[in-house]
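We did not get these values from a lab; they are worked out from the coordinates using the rules stated. Since this is a predicted model, take the numbers as computed values, not measurements. We place every Cβ from the backbone using ideal geometry, glycine too, and count neighbours over all the protein chains shown.
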Amino acid sequence: MTENETVSEVKKRDPIYITILIILALALGFVGWELSTSRSNLEICGHNTLVLQGELAELNSLLGMNENVLLEGENLKENLVQMLNEYDLMVTDNSDLQDSIEDQKEQIQSIIEELDKEKGKNKKNARKIYKLKKETETLRRIMKGYVHTIDSLNTKNIALKREINDKNEQITVVTSERDRFQSKAETLESKIALGAVLKADDIVAVGIRVTNSGRQRETSRASRANLIRTCFTIQENKLAEAGSKNIYMQVVAPSGNIVIEKEPIQIVAEEQEMEVSAKRQVDYQNEKMDLCIYLEGKDKFEKGTHVIRLYADGSRIGESSFAFK
């Protein structure tokens with residue numbers, strides 16, 4: 001065989017060797033993975049075996065003391081009854097928690113009923129009692145959790161009630177202060193309102209006779225008078241509202257009738273509706289002002305004392321009187 005033939009033969013074998021090596025590597029990897037998985041499963045099985053052995057030992061203990069099985073069941077029942085009584089003492093305002101407590105009480109009652117059914121079965125009830133005992137232990141742990149939760153909620157409720165009481169006391173204090181300030185404010189407003197009322201002084205009312213020439217002469221005789229003239233002074237008042245105002249005059253005759261011109265004028269003053277005799281519109285700018293109001297009677301004036309009252313902004317601002325002969 002020549003050198004060229006040898007080289008050619010080697011080149012043909014190389015792919016086969018590589019393929020074989022790859023297959024071997026994959027096989028070793030798979031075997032390693034299987035071994036790792038088996039070890040993990042073995043550890044889990046070992047743990048489960050220890051748990052089962054513990055349960056089996058406890059169960060064998062029960063089976064080995066068959067004469068005490070019934071006593072174990074009675075003790076378990078007493079434990080359940082005591083637990084049920086403890087659940088009855090639990091009080092909470094939380095509806096969800098109370099529903100859960102009622103569910104646990106139903107489970108306890110169910111276990112008690114199962115224990116009563118197993119009573120007198122000797123060896124046959126050992127496994128059942130063991131199972132019920134485990135359920136009881138679980139319920140006991142759940143109950144401890146409920147006790148902790150209720151205690152925590154009660155503590156929070158006490159703190160919340162204390163906080164609410166503190167807030168209520170603060171609100172009471174604030175409300176009292178508010179009412180006191182409001183009372184002061186109302187008193188101050190009342191004083192300001194009283195201070196803002198206009199005041200008319202130096203009120204002088206007389207009868208006027210108008211001559212044929214149009215001149216006006218004062219007269220004290222009712223038969224001669226054509227007009228009643230009332231002159232007065234409105235005092236300065238910086239608290240009053242400035243601007244256009246109506247000043248009303250009411251003249252009350254000796255008979256008690258209101259003296260009017262052509263038509264009566266209705267106003268509301270001193271919180272009541274009343275009739276007045278005449279009015280005059282003025283521009284009041286908080287300064288002292290002198291003015292007169294004239295009244296031409298619809299009928300002849302009466303003899304005797306007439307009362308003059310002046311009103312502005314719903315309040316009486318002055319009063320006087322005069323008499324006709």
Looking at the stretch 219-305, which GluC sites (Glu not before Pro) are DSSP coil and have at most 16 other C-beta atoms within 10 Å of their C-beta?
Glu236, Glu241, Glu261, Glu270, Glu271, Glu287, Glu302
Ranking request for peptides 136-145, 163-172, 107-116, 247-256: highest mean number of other beta-carbon atoms within 10 Å first, then the rest in descending order.
247-256, 107-116, 136-145, 163-172
Within the under-11-Å Cβ sphere about Asn168, not counting Asn168, Lys/Arg +1 and Asp/Glu -1 give a net charge of 0
Where does the charge balance sit around Gln266 when Lys and Arg score +1, Asp and Glu -1, over other residues with C-beta under 9 Å from its C-beta?
-2
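Arrange Lys105, Lys288 by Cβ neighbour counts within 10 Å, fewest through most, would you?
Ordered from fewest to most neighbouring Cβ atoms within 10 Å, Lys105, Lys288 come out as Lys288, Lys105.
Starting with the fewest neighbours, write out Val268, Val259, Val197 ranked by other beta-carbon atoms found within 10 Å of each beta-carbon.
So the residues, fewest neighbours to most, are Val268, Val197, Val259.
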Inter-probe distance in nm under a simple model that places probes 7 Å from Cα toward Cβ, at Val81 and Arg224
12.4
With Met90 itself left out, Lys, Arg at +1 and Asp, Glu at -1 over residues whose Cβ is under 11 Å from its Cβ give -3
Would you kindly state how much longer the chain becomes between Arg217 and Glu270 on full extension, computed as 0.36 nm times their sequence separation minus their alpha carbon distance, in nm to one decimal?
15.6 nm
